[in-house]
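The values are calculated or read from the model by the stated rules, or taken from the named source; none is laboratory data. Please read all numbers here as calculations on a predicted model, not as lab measurements. Glycine also receives a Cβ, built like all others from the backbone with ideal geometry; neighbour counts cover every protein chain displayed.
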Amino acid sequence: MWTIWQNILGGSPFTDKDWLNAYFIFYNEEANPVRVRVKDCLDTTKLGYQYEDVYIPWLDGSVKPKPRAKAKTLPSAPDPAQVFPTTLDKPISVIVKRPKKSGTGSSEEILIIEGIEYDKRNYVKFNVFINEDNVNASRPNNTEFLGSFSNLPHGHRMTVKTNKKFRISQVLEELGARDYDKVLVTLIPKSSPVKINGIKIEFDS
């Protein structure tokens, strides 16, 4: 997956020094401890192997939006500033304004769920939908279903605060919402409550 991300999808290399210099201790064939840093494992050729250059069908795969009549207007819902920060203990829908594009270059729009706060000892999951007025009818293979945020319990008590990002340009195109200036975003909790500090859409820099 890392090789595909970096060499085929044009992913940006990681530059975080703390992450790159993180290390693991292994024992070699002579039972001596060997320190291996993350940065030493990112180039497979240095590790002595290279993946065969073959066609990967799922790279070009995409789900189709479920057939339904397109709404002329989005359902009524509040602005994110009226809702967040809040505890996600029930379904929440907000109308999120899309940023105005400047220039002629093509930029990917990113939906950002901001400031997700939770105890890492807890199981956490919530689903995210876009322009879906009936989440009970939507399934993971429907385009309106963007994906999920999840955390498996681990470690000691510690509050984590992070963001979750979704690429939405192609999704909006498939849903016929390319010209909408706002979109409907719905969060559905599937676990114990978590705190959400905001939702916004930005262009990928």
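Here are the numbers for this structure:
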{"read-out": "Selection within the range 160-205 - assigned to a loop (DSSP other than H, G, I, E, B) and in contact (Cβ under 8 Å) with a residue 40 or more places away in the chain", "value": "Ile168, Leu175, Gly176, Ala177, Tyr180, Asp181, Lys190, Ser191, Ser192, Pro193, Asn197, Asp204"}
{"read-out": "Output for the range 35-75, where each listed residue is modelled with pLDDT of 80 or more, closer than 15 Å to Trp2 by Cα and outside any loop (DSSP other than H, G, I, E, B)", "value": "Val38, Lys39, Asp40, Cys41, Thr44, Thr45, Lys46, Leu47"}
{"read-out": "Check on Lys125, farther than 20 Å from Ile188 by Cβ and in the same structural domain as Arg167 (by TED's automatic domain parsing)", "value": "no"}
{"read-out": "Residue match in the range 157-175 (condition: out of contact with any Asp or Glu (no Cβ under 9 Å at 6 or more places or on another chain) and either outside the structural domain of Ile199 (by TED's automatic domain parsing) or farther than 24 Å from Leu9 by Cα (or both))", "value": "no"}
{"read-out": "Out of Ala177, Ala81, Ala77, sole residue that is over 19 Å from Glu202 (Cα atoms), over 19 Å from the mean Cα position of the chain (by Cα) and small (Gly, Ala, Ser)", "value": "Ala77"}
{"read-out": "Some residue of the range 116-124 being of a type outside the set (Ser, Thr, Tyr), in contact (Cβ under 8 Å) with a residue 40 or more places away in the chain, under 28 Å from Gly10 (Cα atoms) and touching a strand residue (DSSP E or B) at 6+ places or on another chain (Cβ under 7 Å)", "value": "yes"}
{"read-out": "Which numbered condition Lys101 fails, given (1) in a loop (DSSP other than H, G, I, E, B); (2) in contact with a Leu (Cβ under 6 Å, 6 or more places away or on another chain)", "value": "(2)"}
{"read-out": "Qualifying residue in the range 106-113 (condition: farther than 24 Å from Ser12 by Cβ, surrounded by fewer than 17 Cβ atoms within 10 Å (Cβ to Cβ) and without any contact (Cβ under 8 Å) to a residue 12 or more places away in the chain)", "value": "no"}
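Condition check ((1) surrounded by 11 or more Cβ atoms within 10 Å (Cβ to Cβ); (2) assigned to a loop (DSSP other than H, G, I, E, B); (3) out of contact with any Lys or Arg (no Cβ under 9 Å at 6 or more places or on another chain); (4) in the same structural domain as Ile56 (by TED's automatic domain parsing)) across all residues:
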| site | (1), (2), (3), (4) |
| --- | --- |
| Asn7 | yes, no, yes, yes |
| Pro13 | no, yes, yes, yes |
| Asp18 | no, no, yes, yes |
| Glu29 | no, yes, yes, yes |
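Table: residues versus (1) buried (at least 18 other Cβ atoms within 10 Å of the Cβ); (2) closer than 16 Å to Glu108 by Cα; (3) of a type in the set (Asp, Glu).
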position	(1), (2), (3)
Phe145	yes, no, no
Ser148	no, no, no
Lys161	no, no, no
Arg167	no, yes, no
Tyr180	no, yes, no
Val183	yes, yes, no
Leu187	yes, no, no
